[in-house]
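Step one of this worksheet: look at the structure below.
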Amino acid sequence: MQIINDQSTILASFFSHIDVTVFGYAQAGNMQKKITKALYDQIPVGDIRRSVFRAPGTGAGTHPDYNQEKFRVGDPSSWAADYLFMRASEMYLIEAEALARQAQDAPARTVLESLVKARFPSYSAAAFSGTALVNEILLQRRIELWGEGFSLLDIKRLKTGLNRPAGTGNHGAGTLNPNIFTLPDQDPKFLMHIPQRELDANKAMTAADQNP
């Protein structure tokens with residue numbers, strides 16, 4: 001969706017929170033959005049997706065190592081930008097995972113390679129099969145869809161829980177400490193509360209129906 005300059009929400013916008021090239025929360029509040037070193041290191045050199053993050057050793061000031069460059073306002077003097085709701089790559093990843101979970105390894109590899117080779121021409125999924133293939137697809141999903149809002153749903157559907165890596169370049173080191181590093185997949189913190197207005201308006205619901 002195209003957002004033109006005079007209709008943007010400026011400081012309250014997505015780009016204010018994620019792009020340090022504009023004077024928003026990410027820049028002025030020193031609240032950058034960074035990929036973890038643990039995930040960055042799994043993106044091979046030559047994969048174009050590696051270039052959308054600030055390479056270690058090249059960061060400075062409000063644009064530190066591992067900071068994202070995937071989402072940028074085209075003109076820093078303007079807030080005009082596009083909001084991303086859906087990309088074809090998500091469909092490729094859904095198809096590849098569905099095939100792999102049905103033990104259709106060959107077509108799953110074909111679908112996965114058709115996506116990843118467009119980013120990393122020398123990529124091959126030939127060595128993956130079974131559970132290893134599913135795990136590779138999930139890794140490519142994390143890399144491809146970084147910052148696009150899929151982690152919460154994947155944690156819940158895959159029942160992996162939250163496991164934030166710690167140490168230099170990861171969480172809690174040289175940046176804001178998230179305090180919470182692990183959570184089981186059934187933790188109520190992963191559930192949104194039902195709006196009070198819905199509880200008030202729906203006669204079939206009571207306060208006991210609220211998520212914990």
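We did not get these values from a lab; they are worked out from the coordinates using the rules stated. This is a predicted model, so every value here is computed, not measured. Cβ placement follows ideal geometry from the backbone for every residue including glycine, while neighbour counts extend to all protein chains displayed.
Some observations on this one:
- Entries of K70/K189; K117/K156; K37/K159 with Cα pairs more than 25 Å apart: K70/K189; K117/K156
- Gain upon complete extension [M31, D75; 0.36 nm per residue less C-alpha separation]: 13.8 nm
- Most to least packed among 118-127, 133-142 [average Cβ atoms within 10 Å]: 133-142, 118-127
- Relative contact order (%) - criterion: Cα under 8 Å, at least six apart; region: the stretch 1-85: 37
- Counting only DSSP beta bridges with both residues in the chain, the antiparallel share comes to about 90 percent.
- For the stretch 8-89, the square roots a ≥ b ≥ c of the C-alpha gyration tensor eigenvalues yield an a/c of 1.5 or more together with a/b not exceeding b/c, which makes the shape oblate.
- Computed extension length for D154-R142: 3.4 nm, one decimal, from 0.36 nm per residue of separation with the Cα-Cα distance subtracted.
- Normalised Debye scattering of the chain at q = 0.17 Å⁻¹ gives log10 I(q)/I(0) of -1.32, counting only Cα atoms as equal scatterers and leaving out solvent.
- For the stretch 130-144, 3J(HN,Hα) computed residue by residue from phi via the Karplus equation (6.51, -1.76, 1.60; θ = phi - 60°) reads x, 4, 4, 5, 4, 5, 5, 4, 5, 5, 4, 5, 4, 5, 5 Hz, glycine and proline entered as x.
- Extended-chain gain in nm, criterion 0.36 nm per residue less alpha-carbon gap, A98 and T58: 10.5 nm
- Distance between modelled label sites at A132 and I194, nm, 7 Å Cα→Cβ extension: 4.7
- Less than 5 angstrom separates the built amide H of F53 from those of E69, all sequence-distant by 5 or more or on a different chain.
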